[in-house]
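In what follows, a single structure is set out as structure tokens and then discussed.
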Amino acid sequence: MIGDKLFKKMIVTYIVIILASFTVLGFLMTILLTNYFNYNKRSELIVKGADIAELIRPILLENKDPTDLVAWLNRADRNLGTEVWVIRPNGTVITASAHQWRHEGDRINEEEIRQLQKGNVAIREGQSQFYSEPVIWVTTPIKNGNEVIGGVILYSPVIGITETLKKTWLLFIYAAFATLLFSVLVGYFFSKSVFAPLEEMDWIARKIANGDFSERLEIVSADEIGTLGRSINYMADKLEKLEKTRREFLANVSHDLRTPLTSILGFVEALQDNKDKNPETRARFLDILHSETSRLIRLVNDLLDFTKIEEGVLELNKQPVDIAELAGKTLAKYQPILKEKGIRISFESSGNAVALVDYDRLEQVLTNLMDNAVRYARNRIALKVSQEIQEIGITLSDDGPGIPGEDLPYIWDRFYKVDKSRAKGAGGTGLGLAIVKRLVDAHNGSIDVESQPGKGTTFVIKLPAGGKNLSGA
Ligand SMILES: Nc1ncnc2c1ncn2[C@@H]1O[C@H](COP(=O)(O)OP(=O)(O)OP(=O)(O)O)[C@@H](O)[C@H]1O
Ligand SMILES: [Mg+2]
């Protein structure tokens, strides 16, 4: 299933993103909290240090031992939340909290003594051997005027920080899990809505691959998936149409080939059987044989031409051609049949309409259009060649039954016939206009059609003008 793999990928991505962001946030939080706690503790110790320095100053000034006061202060530890030592300006400890000072006293370092002697408050942060929490030392000078007569060291663990950090991390871990759970749920429903259509598309694509174009997707969303769905439906439409045309073509070509071939066979057999037939009958049979064979050749040529054009291997031998002259010559070929059908023709040309074209191919274009016009016209055909500044226009109109609007976009498709029954009798294969369109395109021209059912049809070709007429009049 498509959904499963994508869903797994999505969930893994979620997990990575969520864990990464929570870890980063957690570390930021740790730094923030630590700073906050330390800052508070430091401020507190600085204030207390100044207070206690004031308390101890008179004792030092009188050269008395501050041990009692400090002992008392240290007993009030719980109240104070700190330990108190008193030192001399050179760093030697006068008095310290009873049980620790030997160890902690080692930590009064040179830098602090220097700061003390300068009369500055020194602050040091570190890890105690006795507390699980970080500790802060604040050394406050005891001054008499400008003279430093001693120092008070306040030493205190940053109470609560470890606990708070632990809780914060725990909270973060819970939150991360909750978020993960939530995102998996959301992801699950989201993936349902995304993957269900994808699976349907997969299913339809397989059907199409197997030649079944009948299924269509039900499009619900207006997003990219909906767009993809519409494209697939469009593709199925096109393929279905193509397939239909292909079938029709096979049927048409088989029919178109079989009809003349059957009649050829019939006439050949008749000629073989009745050797004594009179010469007129034989001549008539041969005429029919000739025209049927020509029809076959024409059909096969059309098919070959079309394939060549489609494969892009058709070579155009372009030269400057007087289009009006070419149109006139093409018309002349149709005089007998026009006369026979009683169709009047009007031909109009202006200026010297020279274009760079392949003479034979353009003649083929005009012939294919004339074939249709002659087949469908009732009374009249009008051909006009006009010269404009940049282009040559060829307009061919007839007063035939016209082409219904809904068929117009398709008449350039190969094998497309508006009225299948009508065209069959007339012997068309539906390749004529397809060839015309592709040949005009190959000449960088354009062809348009206008048609009013019941009134007639007009084809307009535009070719880029250019070149000198070398073909001779
Ligand atoms: N002048 C026209 N008037 C009415 N219908 C036309 C006209 N020209 C073409 N059509 C319609 O367009 C269809 C396609 O024309 P096209 O020339 O491609 O094929 P065809 O004439 O049927 O076959 P072919 O040209 O290969 O012998 C025709 O079958 C016909 O129904
Ligand atoms: Mg035709």
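We did not get these values from a lab; they are worked out from the coordinates using the rules stated. If you're wondering where the values come from, they're calculated on a predicted model, not measured in any experiment. All Cβ positions, glycine included, derive from the backbone under ideal geometry; neighbour counts span all protein chains shown.
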Semi-axis lengths, Å, segment 2-163, gyration tensor of Cα atoms, sqrt of 5 times eigenvalues:
47, 15, 12
Of S128, P58, V47, whose Cα points farthest to the positive end of the dipole of segment 2-163 (charges on the beta-carbon: +1 Lys, Arg; -1 Asp, Glu; origin at the Cα centre)?
S128
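Given R₀ = 51 Å, what would the calculated FRET efficiency be for V47 paired with F177, taking r from the Cβ atoms and rounding to 0.05? Intermediate results must be reported in sequence, preceding the final value.
On the way: r = 42 Å, r/R0 = 0.83.
Computed FRET efficiency for V47 and F177 comes out at 0.75.
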Given 20 °C, 1.002 mPa s and a Kirkwood radius over Cα pairs, the Stokes-Einstein diffusion coefficient of segment 258-303 in µm²/s is 193 µm²/s
Please give the residues of segment 428-442, grouped as numeric ranges, whose backbone N is less than 17 Å from a label point set 7 Å along the Cα-to-Cβ vector of L257.
428-431
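Could you sort the peptides 380-389, 119-128 by per-residue average Cβ neighbour count (10 Å cutoff), highest mean leading? Display every interim value, and only then the final one.
Working: 380-389: 17.5, 119-128: 15.4.
So the peptides 380-389, 119-128, ranked by packing, come out 380-389, 119-128.
Between I337 and S193, take the C-beta separation as r, use R0 = 56 Å, and let me know the FRET efficiency to the nearest 0.05.
Details: r = 65 Å, r/R0 = 1.16.
About 0.30, to the nearest 0.05.
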Under a crude label model (7 Å from the Cα following the beta-carbon direction), how far is V24 from A270 in nanometres?
9.2 nm
How big is segment 319-440 on each of its three principal axes, counting only the C-alpha atoms and giving the largest first in Å?
42, 31, 24
Calculated from DSSP helices alone, with each H run of at least 4 adding -39500 (n - 2.57) and the total divided by the residues of the chain, [θ]222 nm to the nearest 500 comes to -20500 deg cm²/dmol
Between T164 and K244, Cβ-based FRET efficiency (R0 56 Å, step 0.05) works out to 0.15
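Please work out how much length the chain gains when fully extended from A283 to E54, using 0.36 nm per residue of separation minus the C-alpha to C-alpha distance, in nm with one decimal. Let's see the in-between values first.
On the way: separation 229, 0.36 × 229 = 82.44 nm, distance 14.46 nm.
This chain segment gains 68.0 nm when fully extended.
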Which angle between 0 and 90 degrees, to the nearest 10, do you get for helix 432-442 versus the longest principal axis of the chain when only C-alpha atoms count?
60 degrees
Computed curve, segment 226-322, Cα-only Debye sum without solvent term, log₁₀ I(q)/I(0) at 0.10, 0.16, 0.18, 0.22 Å⁻¹, is -0.55, -0.87, -0.94, -1.09
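Among 134-143, 285-294, 215-224, how do they line up by average Cβ neighbours within 10 Å per residue, starting with the highest? List each step's numbers first, then the result.
Working: 134-143: 22.7, 285-294: 13.8, 215-224: 12.1.
Packing proxy ranking, top to bottom: 134-143, 285-294, 215-224.
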log₁₀ I(q)/I(0) of the chain at q = 0.10, 0.11, 0.12 Å⁻¹, via Debye over equal Cα point scatterers, no solvent, to two decimals?
-0.93, -1.00, -1.07
Might you report the magnitude of the Cβ-based charge dipole of segment 2-163 about its Cα centre, with Lys and Arg at +1 and Asp and Glu at -1, to the nearest 20 debye?
540 debye
